[in-house]
Amino acid sequence: MPVTPFHFGPGALGTVLFPRRLSFIVFMAANVAIDVETALNILRRQYPLHGFFHSFASVPLVTAAGALLAPPLWRALASLAGGRLAKDLPRSTAALSCLFASVSHVILDAVMHPDAAPFSPWSPANPLLGAVGLGALHLACAASGLAAAVVLKLRRPV
């Protein structure tokens, strides 16, 4: 299923642990953008569903696009948010958030989707497939999201 919330668990934990280096909003946006490919392939009934953007070859492109596009989009979002967001997003934060999003997305999808080819175009093989059972993978993603919530709670007690 495209844009699975399970991708957001590791992102939440990473951004809580490194809040000055990573943006959760940018991380989520990059994951959604990556899964547009899968959604289009589902609509077109085109196989494989997980193509170029689910390979490590796409990581530099996703990272560069995020570094270029996220900061101006952030400024527009910040102005709409009425001061509830920081005014600026450093390009380095945007780039690192997209790098983290794209690498983790490729790995997570390669572990669970047989049509993923994480090392394409160099190899059609998917040595990550089944490296972890589906239940354990989902549990780890959900647990990382829960751990992020705990860390946030500990930092900002109500």
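The values are calculated or read from the model by the stated rules, or taken from the named source; none is laboratory data. Nothing here was measured: the structure is a model prediction, and the numbers come from that model. Here Cβ is always computed from backbone atoms with ideal geometry, including for glycine, and neighbour counts include all displayed protein chains.
Hey, does the stretch 3-20 have a residue that's surrounded by fewer than 21 Cβ atoms within 10 Å (Cβ to Cβ), modelled with pLDDT under 95, in a helix (DSSP H, G or I) and of a type in the set (Ser, Thr, Tyr)? No, the stretch 3-20 contains no residue that is surrounded by fewer than 21 Cβ atoms within 10 Å (Cβ to Cβ), modelled with pLDDT under 95, in a helix (DSSP H, G or I) and of a type in the set (Ser, Thr, Tyr).
Of everything in the stretch 84-93 that is touching a Pro at 6+ places or on another chain (Cβ under 9 Å) and either over 14 Å from residue 65 (Cα atoms) or surrounded by 15 or more Cβ atoms within 10 Å (Cβ to Cβ) (or both), the residue that is modelled with the lowest pLDDT is 88. In the stretch 113-122, the qualifying residues are those that are over 17 Å from residue 103 (Cβ atoms) and not charged (D, E, K, R), and the one that is surrounded by the fewest Cβ atoms within 10 Å (Cβ to Cβ) is 121.
The rows are residues; the columns are (1) part of a helix (DSSP H, G or I); (2) modelled with pLDDT under 95; (3) surrounded by 13 or more Cβ atoms within 10 Å (Cβ to Cβ).
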site: 31; (1), (2), (3): yes, no, yes
site: 48; (1), (2), (3): no, no, yes
site: 61; (1), (2), (3): yes, no, yes
site: 64; (1), (2), (3): yes, no, yes
site: 70; (1), (2), (3): yes, no, yes
site: 75; (1), (2), (3): yes, yes, yes
site: 82; (1), (2), (3): no, yes, no
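Out of the stretch 123-142, which residues are loosely packed, with under 14 Cβ neighbours inside 10 Å and of a type in the set (A, V, I, L, M)? Of everything in the stretch 123-142, those that are loosely packed, with under 14 Cβ neighbours inside 10 Å and of a type in the set (A, V, I, L, M) turn out to be 125, 131, 134, 136.
In the stretch 94-114, the residues that are under 14 Å from residue 8 (Cβ atoms) and at pLDDT 95 or above reach residues that are aromatic (Phe, Trp, Tyr) and crowded, with 21+ Cβ neighbours inside 10 Å with C-beta atoms within less than 7 angstrom, at least six apart or across chains, in these pairs: 97/27; 100/27; 101/27.
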